[in-house]
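I have placed the structure first, in the form of structure tokens, so that the comments after it can refer back to it.
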Amino acid sequence: MYTRNFRLRAVLSALSMVGAAAFSHAQSQHLLPEQYSPVTDPAAKKLPRPQFEIWNASYMWYAGQYASYCHKRLAAESVERCSFVNDGGTYYAPQSKTFFRRTVELQKDVEMKWRTPQSAEFFVDGKRASRDRRGGCILKKGVHVLEFRVSATDRLPCVIVEGCGVSSPDGWQASLDGKTWTPAESDAMFDDALSTPDKLVYDIFEIAPSDYPKSVNCKIGADKIEMGKNSSIVADFRHDELGSVVLSAKGFGKLAFYAGESIPEVLNNDAKTFEQKPLPSFDLDGSRVDIVLPTAALRYLRIESEGGAEISKPVFRAELFPMKRIGSFRCSDEKFNRIFAAAAATIHTSTRDFYLDGIKRDCLPWPLDAVETTLAADYVFAAECVSRNSYALSLLSDKPTVYDTGILDYPLHALIGFDHDFMRYGDISVSLRYRDRILQLLKLYESALDKNGFLPSRPTKWGIFLPAWSKRYRSSHWRGTPAYVQIMLYENWRIAAEFFDRWGDAASAEKFRKMAGGLRSNIFKHFWDEKRGAFINGYDKNGNPDTEISHYAQYWAILAGIFPENAIANLFEKVIPNMPLYYEDISIEKGYEILAYTKAGRTEEAFGFVRKFWGQWLDEGHTRFPENLSPNASEADKLKFYGRPFGLSLCHASFGAPPIIVAVRGLCGFRETDKPDEYILRPNLAGLKWIEGEIPLKQGSLKYRFEEGGKFDVSLPKGASAVVDFGGKTVKVVSR
């Protein structure tokens, strides 16, 4: 595949030099907000979605097993496609058998039917009634105990049941051993009886090239491209997505293909540095052939012809997770509107049953990235199952050991996610389904504490803490006793106490409140620097104080509600501006940090930060946000990561979170409260003339518009109320 004649090598070498200087052509800075996603782009065509057999029911499974099977499938696909794949922990193992049961009282005879992926046994009142995986029966009037025993090899053991009064998942329980039962997990989107959750059909969008930024010896026509001998052309599909390219070709000699997220990457010829496995080449013999390339993450495609060819205009069939857009935001600043649109597109592109790490580089979920993304995605998309898969995966394996944690602090994100989920959706059954595994995780961390109640580093699969992929702050953040980890642990103890209260376990709630209180005292005793008004990094691996101040402990303390109020102004006006490289090395933890900005009432700074740095990235020609921003780096260095020239993921779910958090939590000032039907809106327009949009609530959709001068309009769904603090007035708004 890599044999090329000297003339072609020389041409491509020249193209590469041009591309390295160009980095990415700046066409995208002129896009309208709706052009950032295939879902809203008028130039993209959505193919009809197959509708197989929609039931008045949904597939159900044992809590966490959907996440386990999806992770297993994604990992296998990533190893097949990506060149450098790693993973952050030991996760919940897929099980091959699941039991389902329900007791029903029927007022009349009921016709019932079911489907499972592979094999099933169905029992009524303890007697086996069927061994069909796709079956049906008549249930007689009266009280019955219904039970399924579902088995599957390399498939999710799940079942969909339809019938008056028996439809899944309502009232159904699930078990892995037939002894310990928990409410079955499900999602309303899985109502297609022929499409199980682990074999979900994606939405397909056909995208034609928006431009051909580089070409050699090619003639571009209305519906075809004539490629001469030793020719090359680069197609720009504008959207950085996962999918396959289709085209037809007629000619002679080798036709080769290269994928890339940037122009320098797509022009790169060194196979040793490819982030994805090479695309195949094709030998043309003069007859016309239809070509479908394997799935790849790309925005740009380079096509080479040695002997000359006539090809049809290539079409990119992007595969997007089918989730509905339910939140929106617009304001008087068109640049920020573009940023918000690109942020939502970044999250959607990076969604595959989880919110993912770079779609090009490994396409796997990581707990920090995935949970952080939910803080934004849940206010834009209807995808509860994706968020809950992210929490489930963060809980690690069944009966985990410290070694299973991989990166030591990553499982600490799980309870933060479950707490967010409860505030967003108000469904206590979610945490109840995972209660046993939450208890295991709490017990694991309790077993690893030192005499101060701190969580120090210890040998594991990775043996490190990792607040972000930023390489600038190492020392105690990686090995030792980091202050930020202890604050995260405090937040876990606090959240655990609240969940035990919700579960009706007052004794355990009090235990974790006391643990949180004691840990809070020790955090201030050991890590608070009164003179500088900030938390130090912690203790290094030798137990010595690391007195450097970086942002991690500060924003976690704000999020946990323990950063002293009288030191907030000093933090934002003196401490942060003087942190080394703070504005030069912007990594994936920024979603959490921007949330802390808004919680601390510093929306102007958060808005300015995102507008400047995320806006600069769009101005450089990108349509998705990367894993890391290095605004002052050279164009080549902006693409480097892990020591590889194109290692940076240019589409990363969690980097789409900060703009959405700024809009929802900052500019709109939206907050849930402990009362499930009451919300707070405390807008800060940050110099904008107006903002408007929709925010999804437990009860429906909140619509708003706020204008400078104090004018506003807020409408709420039935059953919801909001306290609006704006323009110097506080008003309570109720549903109309």
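The values are calculated or read from the model by the stated rules, or taken from the named source; none is laboratory data. Computed from a predicted structure; not experimentally measured. Positions of Cβ are generated from backbone atoms using ideal geometry, with glycine treated the same way; all protein chains shown enter the neighbour counts. Just so you know, the surface numbers come from the protein's heavy atoms only, side chains and all, with ligands and any DNA or RNA stripped out. Shrake-Rupley method; radii C 1.70, N 1.55, O 1.52, S 1.80 Å.
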Scan segment 565-574 and give yes if some residue there is within 27 Å of R458 (Cβ to Cβ) and among the acidic types (D, E), otherwise no. no
P209 is checked against (1) open to solvent by less than 40 Å² (accessible area, probe 1.4 Å); (2) in contact with a Lys or Arg (Cβ under 7 Å, 6 or more places away or on another chain); (3) part of a strand (DSSP E or B) and fails just one. What number does that condition carry? (3)
Can you list the strands (runs of 3 or more DSSP E) lying wholly within segment 70-159 that have 1 or more residues being hydrophobic (A, V, I, L, M, F, W, C) and touching a residue at least 60 places away in the same chain (Cβ under 8 Å)? 97-106
Residues of segment 692-736 satisfying the condition of being more than 26 Å from the chain's Cα centre (by Cα) and within 17 Å of R665 (Cβ to Cβ): Y704, F706, V714, A722, V723, V724, D725, F726
Taking segment 212-236 on its own, how many of its residues are surrounded by fewer than 17 Cβ atoms within 10 Å (Cβ to Cβ), part of a strand (DSSP E or B) and touching a Ser or Thr at 6+ places or on another chain (Cβ under 9 Å)? 4
Quickly run through segment 129-173 and pick out the residues that are more than 37 Å from the chain's Cα centre (by Cα) and under 20 Å from S96 (Cα atoms). S130, R131, D132
Where residues in segment 269-295 are within 29 Å of the chain's Cα centre (by Cα) and part of a loop (DSSP other than H, G, I, E, B), which of them is farthest from F257 (Cα to Cα)? E275
Restricting segment 118-136 to residues that are at pLDDT below 95 and touching a Ser or Thr at 6+ places or on another chain (Cβ under 7 Å), which is surrounded by the most Cβ atoms within 10 Å (Cβ to Cβ)? R133
Any residue in segment 710-719 that is out of contact with any Lys or Arg (no Cβ under 7 Å at 6 or more places or on another chain), assigned to a loop (DSSP other than H, G, I, E, B), open to solvent by less than 30 Å² (accessible area, probe 1.4 Å) and more than 22 Å from K599 (Cα to Cα)? yes
Every residue in segment 507-551 that is part of a helix (DSSP H, G or I), under 18 Å from P564 (Cα atoms) and open to solvent by less than 80 Å² (accessible area, probe 1.4 Å), please. A516, G517, G518, L519, S521, N522, I523, F524, H526, F527, H551
Sort out which residues of segment 643-689 are under 21 Å from the mean Cα position of the chain (by Cα) and of a type outside the set (G, A, S), and write them in order of number. L648, L650, C651, H652, F655, P658, P659, I660, I661, V662, V664, R665
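Let's see how each residue does on (1) touching a strand residue (DSSP E or B) at 6+ places or on another chain (Cβ under 6 Å); (2) surrounded by fewer than 18 Cβ atoms within 10 Å (Cβ to Cβ); (3) among the acidic types (D, E):
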position	(1), (2), (3)
E80	no, yes, yes
Y91	no, no, no
K140	no, yes, no
P157	yes, no, no
W172	yes, no, no
